[in-house]
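These notes are about the structure you will find just below.
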Amino acid sequence: MPPPKNTSKTETLRGLVDRVVFHNEENGYCILKIVPEGKTGTASLIGRAPRVVAGEEFEARGVWEPNRDFGPQFKAGELKLKRPDSLGGIERYLGSGLIEGIGEKYAKRIVEKFGPKIFDIIENESKRLEEVEGVGKKRRLEIRESWMKQKAIHSIMLFLHQHGISTSRALRIYKTYGDQAQAVLQENPYRLAQDIRGIGFKTADDIAYHLGVANDAPERIKAGVMHVLETAAQNGHCCFPEAKVVEKARELLGSSDELLSAQIDHLIEGDQIERVSDAGTPARNEDAETAGKSARTPFLYLPHLRAAEQSIAASVKALAASPAAYPSIDEDAALAWVMKKTGKELAESQQRAVREALRQRLLIITGGPGVGKTTILRSILLILQSKQVKIVLAAPTGRAAKRLSESTGLEAKTLHRLLEYQGEGGWGRHRGKPLVGDLFVVDEASMIDAPLMAQFLSALPQGAHLLIVGDADQLPSVGPGMVLHDLIASGAVPCVKLTEIFRQAASSRIITSAHAINRGEMPDLKPASRSDFFFLEAGEPEEIRDLIVQLAHTRLPAKYGFDPIADIQVLTPMNRNLLGTASLNHSLQLALNPPNEIKFEIERFQTTFRVGDKVIQTHNNYDKEVFNGDIGHITAIDADPVKLHVRFDAQRTVEYEPGELDELKPAYALTIHKSQGSEFPCVIIPVSTQHYVLLERSLIYTAITRAKKLCILVGDEKALSLAVSKQESRKRFTGLRGML
């Protein structure tokens with residue numbers, strides 16, 4: 001059936017659902033075959049609905065869009081569905097499998113017998129169904145029970161829609177609370193923010209407003225205070241000064257300090273938050289004077305973060321209190337043996353680090369790039385392996401674990417996999433069922449947040465040794481805490497700080513520039529012909545963007561032979577703006593993997609996916625065994641049914657259905673946070689005053705140290721100077737240092 005010629009004009013379409021091609025229950029996304037009113041042929045419709053049944057009548061508002069593979073499709077911004085009135089529609093509706101006990105055969109018989117009164121018969125006179133051939137008491141009861149359940153879902157969805165809640169959110173709410181959804185919302189809509197991922201305080205507050213909840217209602221004020229603390233945790237804080245909580249909650253809610261203080265006390269009484277005012281406990285990680293002042297103010301904690309820091313402190317103290325218990329080792333002989341075996345002469349500072357590792361039950365090895373952390377680690381592991389010590393290696397991300405495995409020749413797992421994470425906060429390994437091993441090595445430890453470190457330490461077996469390796473000057477963890485920084489700053493944990501840059505590394509301007517930035521100094525930006533680090537001046541954001549695209553697309557592949565998609569990685573501080581990931585990915589995709597007649601593509605969740613695209617997984621998906629931060633390439637897209645194939649490494653290809661594509665994003669440009677734990681042959685970094693809020697030393701330092709062979713900064717020297725002089729990521733409120 002040909003659609004109207006004008007393919008961009010918004011219009012309203014009515015008709016009948018002929019067939020449900022695809023429906024994702026998680027987000028309501030659906031592809032339907034429809035029969036528009038007054039037409040005989042079918043057309044395709046794409047939209048969102050909590051549930052769809054063949055035979056239902058629909059009303060949709062949207063536009064016709066051409067599609068090379070499927071023909072014209074109606075893309076619906078709004079989609080309403082209702083039970084059909086026509087006999088044909090009713091028969092299809094009942095025979096769709098929606099109602100248990102009724103298939104196509106019984107649907108035909110029942111509609112022939114009762115006609116349009118059938119819905120009323122099922123609900124109020126179900127005994128009469130036994131008049132239909134083949135329907136006995138058991139089937140009749142099954143039909144009525146199934147019907148009433150479907151009716152309950154329908155009425156809850158209607159209630160949610162009437163109160164301004166979108167279909168995808170309504171579906172999440174129904175899946176979480178079931179038949180209790182309406183009761184939960186009417187009693188306390190702020191529970192949504194606590195219970196459902198993707199619904200935050202502002203959405204819950206909007207729903208509460210539609211439901212008539214008063215501005216000064218206690219549940220609103222409590223929810224606002226919790227939101228302030230949860231936002232602080234999302235920004236990396238384990239605790240927050242009470243005065244700041246009150247100030248931010250006042251801005252958010254428009255409430256008086258008296259009302260806020262009263263509800264904070266209620267939350268403390270209900271064990272939903274904790275107040276800590278011990279001198280010297282939580283201190284902001286700045287200079288001692290500021291920390292001293294901070295320590296005298298009361299801090300508020302979410303209980304799970306307080307428990308995590310206390311658990312880390314207890315585990316660390318217990319480990320640090322006893323010496324190593326390895327088999328007897330002659331250190332001098334062991335060092336001579338390992339240097340002969342590897343063919344690498346260890347410097348004095350490196351030998352000291354190896355000796356410390358053989359003596360200590362718990363040790364931190366920290367330092368920037370080029371100081372020989374990998375060489376030291378390999379030497380330690382070879383010595384202990386020769387003594388039959390069982391070694392377990394782990395890192396926070398899949399890519400960091402892969403690098404650790406490649407550099408040591410031993411298997412390394414992600415911490416989540418090692419601890420047998422089961423989703424929803426459940427773990428297979430814990431204090432009651434500890435891990436098995438003698439020495440546990442954790443690399444890239446700056447990325448580990450407080451809850452994950454607490455879980456890991458609690459799962460260590462009795463008598464275990466622990467070696468923590470990381471660069472404390474990199475960005476801290478995305479999650480709450482500054483665990484590595486606090487452990488080192490406390491002075492309570494034996495620590496080897498490596499500062500000597502070795503000969504080969506010293507010739508790399510990537511490494512010397514990173515160390516200069518880390519000291520708060522501007523790196524040498526003068527061009528040099530044989531260099532691995534360059535700064536290219538560009539002023540306006542458009543100019544910076546265009547130069548980045550040009551470098552990735554033509555200049556760098558031509559000069560250095562890099563594969564523009566596999567080898568070159570753009571790293572940027574943020575997601576938004578012209579130099580954020582969304583804009584850069586759009587420009588880079590157009591240049592590096594443009595559309596053509598041969599390449600199949602699909603658009604989902606405001607993103608176009610094309611065969612050949614580089615993509616990143618944005619959530620942990622334990623069923624598919626792909627994790628937040630994994631980078632892959634789209635190898636194929638199937639047309640019918642739609643399926644997308646992504647290769648994440650040489651052996652593994654993962655399939656995605658259309659409704660799962662919100663887990664993938666283009667990865668030509670990544671945020672610097674997402675790049676932690678990874679290395680790329682070539683890195684390009686935009687440096688612009690457009691990012692001034694986010695520009696700071698740890699961010700630039702982390703980005704530069706991701707580059708293995710070549711690093712290019714593109715932008716404004718003033719913006720780089722601003723970043724080098726600012727050290728914002730250290731300003732986190734945590735209590736671990738004080739506890740130790």
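Roughly what angle does helix 348-359 make with the longest principal axis of the chain, taking Cα atoms, 0 to 90 degrees, to the nearest 10?
The two axes meet at around 70 degrees.
Kindly work out what percent of the DSSP beta bridges joining two residues of the stretch 317-460 are antiparallel, to the nearest 5.
DSSP beta bridges in the stretch 317-460 are roughly 30 percent antiparallel.
Give, as a single signed number, the net charge of other residues whose beta carbon lies under 15 Å from the beta carbon of ALA262, with Lys and Arg counted +1 and Asp and Glu -1. The partial results should precede the final answer.
Working: positive: ARG220, LYS222, ARG250, ARG275; negative: ASP216, GLU219, GLU242, ASP257, GLU258, ASP265, GLU269.
Its environment carries a net charge of -3.
Which of the listed residues, GLY368, ALA54, THR608, is farthest toward the dipole's positive end in the chain, when Lys, Arg count +1 and Asp, Glu count -1 at the beta-carbon?
Among GLY368, ALA54, THR608, the one farthest towards the positive end of the dipole of the chain is GLY368.
Once the other residues with Cβ under 14 Å from the Cβ of ARG14 are scored (Lys, Arg +1; Asp, Glu -1), what is the net sum? Before the final figure, lay out each step's value.
Working: positive: LYS39, ARG61, LYS80, LYS82; negative: GLU11, ASP18, GLU37, GLU56, GLU57, GLU59, GLU78, ASP85.
With Lys, Arg at +1 and Asp, Glu at -1, the neighbours total -4.
On full extension of the chain, what length is gained from LYS151 through ARG68, given 0.36 nm per residue of separation minus the C-alpha to C-alpha distance?
26.0 nm
Mind listing P(r) for the chain? All alpha-carbon pairs, 10 Å bins, whole percents.
Histogramming the chain at 10 Å steps yields 2, 12, 18, 22, 20, 13, 8, 4, 1, 0 percent.
What 222 nm value per residue comes from the helices of the chain, counting each DSSP H run with n ≥ 4 as -39,500 (n - 2.57) and dividing by all residues, nearest 500 deg cm²/dmol? Walk me through the numbers before you get to the answer.
Numbers: 29 runs with 288 residues, N = 740.
Helix contribution divided over all residues of the chain: -11500 deg cm²/dmol.
Might you report the magnitude of the Cβ-based charge dipole of the chain about its Cα centre, with Lys and Arg at +1 and Asp and Glu at -1, to the nearest 20 debye?
Its charge dipole is roughly 1180 debye.
Take peptides 83-90, 707-714 and line them up by average Cβ neighbours within 10 Å, highest first, as a rough protection proxy.
Those peptides, ordered most packed to least, come out 707-714, 83-90.
Nearest 5 is fine: what % of DSSP beta bridges in the chain come out antiparallel, could you say? Could the numbers behind the result be given before it?
Values: 59 of 100 bridges.
Here the share of antiparallel DSSP bridges comes out near 60 percent.
How about LYS708: which aspartates and glutamates have a C-alpha closer than 12 Å to its C-alpha, ignoring those fewer than 8 places off in the same chain?
Filter leaves ASP532, ASP567, GLU679.
What is the distance in Å between the Cα centres of the stretch 330-362 and the stretch 66-102?
Cα centres, the stretch 330-362 to the stretch 66-102: 71 Å.
Output the relative contact order of the chain, whole-number percent, from Cα pairs under 8 angstrom with separation of 6+ residues.
Relative contact order here is 10 percent.
What accessible surface, in Å², does a 1.4 Å probe find on LYS149, ignoring ligands, DNA and RNA and rounding to the nearest 10?
120 Å²
Between PHE534 and LYS402, how high is the FRET efficiency from 1/(1 + (r/R0)^6) when r is the Cβ-Cβ distance and R₀ = 30 Å? Nearest 0.05.
About 0.60, to the nearest 0.05.
Specify which residue in the list ALA321, THR671, GLY212 is farthest towards the positive end of the charge dipole of the chain, using unit charges on the beta carbon of Lys, Arg (+1) and Asp, Glu (-1), about the Cα centre.
ALA321
Sort the following peptides by mean Cβ neighbour count (other Cβ atoms within 10 Å, averaged over residues), highest first: 434-441, 211-218.
My ranking of the peptides, most packed first, is 434-441, 211-218.
Can you tell me the accessible area per residue over the chain, all protein chains present, probe 1.4 angstrom, in square angstrom?
Per-residue value: 46 Å².
If you line up the Cα atoms of the stretch 576-617 on their principal axes, what length do they span on each, largest first, in Å?
Taking the Cα atoms of the stretch 576-617, the three principal extents are 32, 21, 16 Å.
Tally Lys/Arg at +1 and Asp/Glu at -1 over every other residue whose Cβ is under 15 Å from the Cβ of GLY41; what's the total?
With Lys, Arg at +1 and Asp, Glu at -1, the net is +1.
Strictly over 32 Å apart at the Cα level, which of LYS402/LYS559; LYS75/LYS117; LYS317/LYS390; LYS344/LYS390; LYS33/LYS127; LYS39/LYS151 would you flag in this model?
Violating the 32 Å Cα-Cα cut-off are LYS75/LYS117; LYS33/LYS127.
Ranked highest first by the average count of other Cβ atoms within 10 Å around their residues, in what order do 445-451, 645-651, 181-187, 231-237 fall?
Numbers: 445-451: 25.0, 645-651: 13.6, 181-187: 15.9, 231-237: 18.7.
Per-residue Cβ counts within 10 Å, averaged per peptide and sorted highest first, yield 445-451, 231-237, 181-187, 645-651.
The values are calculated or read from the model by the stated rules, or taken from the named source; none is laboratory data. Bear in mind that the values here come from a model prediction, so they are computed numbers and not experimental data. Glycine gets a Cβ as well: all are built from the backbone with ideal geometry, and neighbour counts include every protein chain shown. Only protein heavy atoms, including side chains, enter the accessible area calculation; ligands, DNA and RNA are left aside. Shrake-Rupley method; radii C 1.70, N 1.55, O 1.52, S 1.80 Å.
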